[in-house]
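Below you'll find the structure, written out as structure tokens, and then a few comments.
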């Protein structure tokens, strides 16, 4: 039983750090409320116990102090809709000082207060102790339910925990499930353990690949980064994406994998195009013999089959990054094949964790989000966790 689930919030004011950094259109309408809906179970548990909730979040990257564009007031009506009519949502036009203190003092059990954008104060990102202390005075209990910001040592995600005793600071339900799922993959993985790493650049994924060489049995490499590995071996990649300065590193990673008995799987063939465009001419081609003027934009027919077979025999699966430019229909077959294979392996008992913005978008787009074990809400945080880094937002609760 989790600490959060066991805790009785009756009569308590819970200060909850959420990640409500959701996309808005030009009319301030939310276009994807995934991050908000993910926090609702935590909020409702506190309210059902007879507690009140004070929510704090960052929103965007405001550089010039308070601006309407980055105000959390635009989220109030949608939050009210998600919670229903039984719980009233109030708004404080600042996150500290008299406006926040007054609004918090008026809360009755079952009420919700949304504070204004934390980043309207530069002290938030600086991890300022005084700012964190002012925030802490608003609630009796501190709950961190924002895994997406757990890698930041900001005032509201890490420093604030110092002002609460161990029994009055905890993870929310979302954070608990994120940490448990990530730890299950990294620390308690059942073998074979396959990591599927995609995306454009090797440089973005160096640390995660290096750390996974100590854990995984198989590492599948797709996306634009695969061509750096091919060129490092002296192969012809045409106009495919390549980080020339990372060629020695790519060779080094291949050698490390070999010495550790980890199987690195590169796409044997590719869907290549004569330009980076939805209407490009395409053909299937050996990944090591791509002609000049052509570029690899997805894994090919044989690679899809090969990668699918590796995934299907896995007991633990981590997927971070697409296999190609899946936003264009001509180059989405590889990513879709991986999504299908991960879903099928999960159905047969594998534990699968999908994380990273593009991978999450892909499983959602192809309709497999409810057919994998866990879809992470924390892109950068999850990446840093699998790089082996200590996340400040996690260690602050554990300490």
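The values are calculated or read from the model by the stated rules, or taken from the named source; none is laboratory data. All of these numbers come straight from a predicted model, not from anything done at the bench. Every residue, glycine as well, gets a Cβ built from its backbone with ideal geometry; the counts of neighbours run over all protein chains shown.
Looking only at residues of the stretch 253-275 that are part of a helix (DSSP H, G or I) and in contact with a helix residue (DSSP H, G or I) (Cβ under 9 Å, 6 or more places away or on another chain), we find that the one that is farthest from residue 305 (Cα to Cα) is 256.
On inspection, residue 302 does not qualify as modelled with pLDDT under 95, surrounded by fewer than 24 Cβ atoms within 10 Å (Cβ to Cβ) and over 23 Å from residue 186 (Cα atoms). Every test in (1) crowded, with 20+ Cβ neighbours inside 10 Å; (2) within 21 Å of residue 167 (Cα to Cα) is passed by residue 59 save one, and that test is (2).
In the stretch 33-50, which residue that is free of Cβ contacts under 8 Å to residues at least 60 places away in the same chain and more than 19 Å from the chain's Cα centre (by Cα) is farthest from residue 87 (Cα to Cα)? It would help to see each step written out before you state the result.
Step one: of the stretch 33-50, the residues free of Cβ contacts under 8 Å to residues at least 60 places away in the same chain are 33, 36-37, 40, 44, 48-49.
Okay, now just the ones that are also more than 19 Å from the chain's Cα centre (by Cα), so 44, 48-49.
Numbers: 44: 9, 48: 10, 49: 13 Å.
If we take residues in the stretch 33-50 being free of Cβ contacts under 8 Å to residues at least 60 places away in the same chain and more than 19 Å from the chain's Cα centre (by Cα), then 49 is farthest from residue 87 (Cα to Cα).
Considering only residues that are modelled with pLDDT under 90 and within 15 Å of the chain's Cα centre (by Cα), look in the stretch 364-374 and name the one that is nearest to residue 318 (Cα to Cα). Only one residue tops the list, namely 369. Across the stretch 308-323, the number of residues qualifying as modelled with pLDDT under 95, in contact with a strand residue (DSSP E or B) (Cβ under 8 Å, 6 or more places away or on another chain) and not in a strand (DSSP E or B) comes to 1.
The combined condition, being outside the structural domain of residue 328 (by TED's automatic domain parsing) and touching a residue at least 12 places away in the same chain (Cβ under 8 Å), is not fulfilled by residue 229.
In the condition set (1) closer than 19 Å to residue 188 by Cα; (2) at pLDDT below 95; (3) over 11 Å from the mean Cα position of the chain (by Cα), residue 383 is compliant with all but (3). The set of residues in the stretch 282-307 that are in contact (Cβ under 8 Å) with a residue 24 or more places away in the chain, over 26 Å from the mean Cα position of the chain (by Cα) and assigned to a strand (DSSP E or B) comprises 282, 289, 290, 295, 296.
I'd like the residue in the stretch 347-363 that is at pLDDT below 90 and out of contact with any strand residue (DSSP E or B) (no Cβ under 7 Å at 6 or more places or on another chain) and, out of all such residues, is farthest from residue 148 (Cα to Cα). Steps first, answer last, please.
Looking only at the stretch 347-363, we keep the residues that are at pLDDT below 90, and these are 355-363.
Filter once more, so that each one left must be out of contact with any strand residue (DSSP E or B) (no Cβ under 7 Å at 6 or more places or on another chain): 357-358, 361-362.
Numbers: 357: 11, 358: 15, 361: 15, 362: 18 Å.
Top of the filtered list is 362.
Restricting attention to the stretch 170-202, the residues that are in a helix (DSSP H, G or I), surrounded by 24 or more Cβ atoms within 10 Å (Cβ to Cβ) and over 16 Å from the mean Cα position of the chain (by Cα) add up to 1. When the stretch 386-399 is limited to residues that are surrounded by 18 or more Cβ atoms within 10 Å (Cβ to Cβ) and more than 13 Å from the chain's Cα centre (by Cα), the one that is nearest to residue 196 (Cα to Cα) turns out to be 391. One residue alone among 344, 329 is over 18 Å from residue 229 (Cα atoms), without any contact (Cβ under 8 Å) to a residue 60 or more places away in the chain and either in contact with a helix residue (DSSP H, G or I) (Cβ under 8 Å, 6 or more places away or on another chain) or crowded, with 24+ Cβ neighbours inside 10 Å (or both), and that residue is 344.
Any chance you could count how many residues in the stretch 203-220 are under 16 Å from the mean Cα position of the chain (by Cα) and either modelled with pLDDT of 95 or more or more than 14 Å from residue 389 (Cα to Cα) (or both)? Selection size over the stretch 203-220: 1. So is residue 30 surrounded by fewer than 19 Cβ atoms within 10 Å (Cβ to Cβ), under 20 Å from residue 149 (Cβ atoms), modelled with pLDDT of 95 or more and in the same structural domain as residue 101 (by TED's automatic domain parsing) or not? When the stated conditions are applied, residue 30 does not pass them. When residue 54 is evaluated against the numbered criteria (1) at pLDDT 90 or above; (2) out of contact with any strand residue (DSSP E or B) (no Cβ under 7 Å at 6 or more places or on another chain); (3) surrounded by 13 or more Cβ atoms within 10 Å (Cβ to Cβ), which criterion, by number, is the only one it fails? Answer for residue 54: the failing condition is (2).
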